[in-house]
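See below for the structure under consideration.
The values are calculated or read from the model by the stated rules, or taken from the named source; none is laboratory data. Keep in mind the model is a prediction, meaning the values are calculated, not measured. Note that each Cβ is placed from the backbone with ideal geometry, even for glycine, and that neighbours are counted across all protein chains shown. Note: areas computed on protein heavy atoms with side chains; ligands, DNA, RNA excluded. Shrake-Rupley method; radii C 1.70, N 1.55, O 1.52, S 1.80 Å.
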Amino acid sequence: MSGPFPRVAVIGAGRVGSHLAALLARHGRTVVVVERDEECCELRRRALHMALAGEPEVRDRIAWSFRPADAAGADLVVEALPERLDAKAAVLRRIVELAGEDTVFASTTTAFPLTAVASADERVMSRLVALHVFPPDAALRRPPAGPAVELAFTPSTAPEVREAAAALVRSLGLAPLPGADLPGFVGGALLAAYLNDAVKMLAEGYASAGDIDAAMTLGCGLPVGPLARLDDIGLDTAHDTLAALHERTGDAGYAPAPMLTRRAAAGLTGRKAGRGFHDYRNAEVPAADDTAADGGLPALSSVGVVGSGTMGTGIAEVCARAGVPTVLVARSDSRAKEALVAVERSLGRAAARGRLTPDQADAALGRLTAAADLDAVGGCDLVVEAIAEELVAKREVFARLGRAAHQDALLATTTSSLPVSACAAASGRPHAVVGLHFFNPAPVMRLVEVVRTAKTSPASAARARNAAIALGKRPVECPDRAGFIVNALLFPYLNRAIALTERHGIPPEDVDAVMTGVHGFPMGPLHLLDVIGLDVAVQILRSLHAASGDPALAPGPALTGLVGRGCLGRKTGRGFLVQQAR
């Protein structure tokens, strides 16, 4: 075995403590786990031994105790207790009295800055580090680059302790990432509020637990949905973390959602209890694509798509590939021809990558026609408006569609930030209008948010859901409201990430590295903002802020300043991370 700290004591064998004990033992350390009493010690020991049933050599390196004095001989003492500062402080004071002068201490705290933990005893300040580790979950796929640990220090942590802590993390096969000594550090500060927002959305009855999780996995590429992730963490653990963050920061975004409080108090704590936001007693969480069409509704026989931009051509390709005759309407004959060429190129790329056969690509193209006259959609069952995000222009299109489309046609808008109801009113037939929010690139992304207004008829909502399924998409259903599901959860998280760079000077690269390396997000928040477009982000945040009045949703100076200078992200070559090629 190579690396520092051959003897480690772990105080607390909850989810994080047990994970660290097993990880340390796998990499050759001798570990003693200390629990609060004999009964709890035995329960935790049995649980971990069952998890390590196929690794007897690892189990043999782990000893168990309920006596704090048994941690005294360790080179490293890891505090992995629940998020209660008084408990953490009491344990540290006790261990400092027992341990040697060279013993290093680590805390797994999420909610409290290290300086608060170190206030238990001044002698620990120079020997204390934070190991913010997120254990693998039953439903969590790690990113290809592998897991990492957010490593933070007090201002007084000795240089040699910092170096030894980083060496320890590397010796465990993990990447040490710089953390900030703030409540929540980087990852906890961003993740906790995002998860709490998902609970609030569920409690409002806005969308089902399955649809919320499916929306965030399929719409954002996240490895697991927010409610399933809470079930993995444990609702009681998440509640304690949020409560401590709220008390520490005064940030209303961390005030635990009442539904979370109630479920945790009732013992519905997630996977470990068999029930949380999902039921694990008889089956796993439903797959993200677990959906079926409603019977008795007519199939799509033809689709019209109004708009020849990236989204319009993408949706037209989706429809044609699904076997549905499709007409794409552009502003002019030349734009219509360009749109057909764009779809043909996209189908060619899909065939070259093996996603379609050449015959399938040719057949899809054969189902697609283009026109410059809106009357061309007159015989379509479904007409999808996919023009620019300008309400005046969209209302004009819907007023014309109200006259051009046949009386039984379903009309849809692809807006991501404008009210569907405003488009519906302009059509003269609001009962037949829905939102179908496709995600870009439409041929690849499987999610469609199906948005109903107060006047959308149940039959139209059911037809919209079936249409999405017929096109090979996973529909998630919600009422008309700013942000729908995905943007309403995603953009507050992105705005908090901007605030970390703006208020605390944390480099964007460090924020992104923590969220991808520690928490398994496929893309860091600042990188994602560059990809979305910073001007688009400002527009969506302003829409959310106007709808909710929440000051946390107002775009900050760092974002608006970049946009004001023409730095819009990837499309201009400058943003939070991208730089203009030289």
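Structure notes:
- Inside region 63-89, residues that are under 35 Å from the mean Cα position of the chain (by Cα) and either under 24 Å from LEU168 (Cα atoms) or in contact (Cβ under 8 Å) with a residue 24 or more places away in the chain (or both) make up a count of 12.
- Some residue of region 271-282 being open to solvent by 10 Å² or more (accessible area, probe 1.4 Å), in a loop (DSSP other than H, G, I, E, B), among the polar types (S, T, N, Q) and free of Cβ contacts under 8 Å to residues at least 24 places away in the same chain: yes
- In region 559-570, the residues that are open to solvent by 30 Å² or more (accessible area, probe 1.4 Å) and in contact with a helix residue (DSSP H, G or I) (Cβ under 9 Å, 6 or more places away or on another chain): THR560, VAL563, LEU568, ARG570
- Just so you know, in region 75-86 the residues that are charged (D, E, K, R) and open to solvent by less than 50 Å² (accessible area, probe 1.4 Å) include one that is farthest from VAL8 (Cα to Cα), and it is GLU83.
Matching residues to (1) more than 15 Å from TYR493 (Cβ to Cβ); (2) modelled with pLDDT under 95; (3) open to solvent by 20 Å² or more (accessible area, probe 1.4 Å); (4) part of a helix (DSSP H, G or I):
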{"site": "LYS200", "(1), (2), (3), (4)": "no, no, yes, yes"}
{"site": "GLY205", "(1), (2), (3), (4)": "yes, no, yes, no"}
{"site": "ASP213", "(1), (2), (3), (4)": "yes, no, no, yes"}
{"site": "MET216", "(1), (2), (3), (4)": "no, no, no, yes"}
{"site": "LEU222", "(1), (2), (3), (4)": "no, yes, no, no"}
{"site": "ALA238", "(1), (2), (3), (4)": "yes, no, no, yes"}
{"site": "LEU245", "(1), (2), (3), (4)": "no, no, no, yes"}
{"site": "ARG248", "(1), (2), (3), (4)": "yes, yes, yes, yes"}
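- For region 291-311, taking the residues that are surrounded by 15 or more Cβ atoms within 10 Å (Cβ to Cβ) and closer than 14 Å to VAL377 by Cα, the one that is modelled with the lowest pLDDT is identified as LEU300.
- Among the residues of region 535-552, not a single one is in contact (Cβ under 8 Å) with a residue 24 or more places away in the chain, open to solvent by less than 30 Å² (accessible area, probe 1.4 Å) and in a loop (DSSP other than H, G, I, E, B).
- Matching entry among THR110, THR157, THR103 (being of a type in the set (Val, Ile, Thr) and open to solvent by 20 Å² or more (accessible area, probe 1.4 Å)): THR110
- Selection count where residues are aliphatic (A, V, I, L, M), in contact with a helix residue (DSSP H, G or I) (Cβ under 8 Å, 6 or more places away or on another chain) and part of a helix (DSSP H, G or I), scope region 506-520: 3
- Residue within region 521-533 that is farther than 22 Å from GLY187 by Cβ and either surrounded by fewer than 23 Cβ atoms within 10 Å (Cβ to Cβ) or out of contact with any Lys or Arg (no Cβ under 9 Å at 6 or more places or on another chain) (or both) present: yes
- Among the residues making up region 370-388, those that are assigned to a loop (DSSP other than H, G, I, E, B) and crowded, with 18+ Cβ neighbours inside 10 Å are CYS380, ASP381, ALA386, ILE387.
- Considering region 412-505, the qualifying helices (runs of 4 or more DSSP H), each wholly inside and each with 1 or more residues that are open to solvent by less than 20 Å² (accessible area, probe 1.4 Å) and touching a strand residue (DSSP E or B) at 6+ places or on another chain (Cβ under 6 Å), run over 420-427, 458-470.
- Positions within region 319-369 being of a type in the set (Gly, Ala, Ser), in contact with a Ser or Thr (Cβ under 8 Å, 6 or more places away or on another chain) and open to solvent by 20 Å² or more (accessible area, probe 1.4 Å), in sequence order: ALA342, SER346, ALA351
- Residue within region 329-352 that is outside any helix (DSSP H, G or I) and either among the hydrophobic types (A, V, I, L, M, F, W, C) or touching a strand residue (DSSP E or B) at 6+ places or on another chain (Cβ under 8 Å) (or both) present: yes
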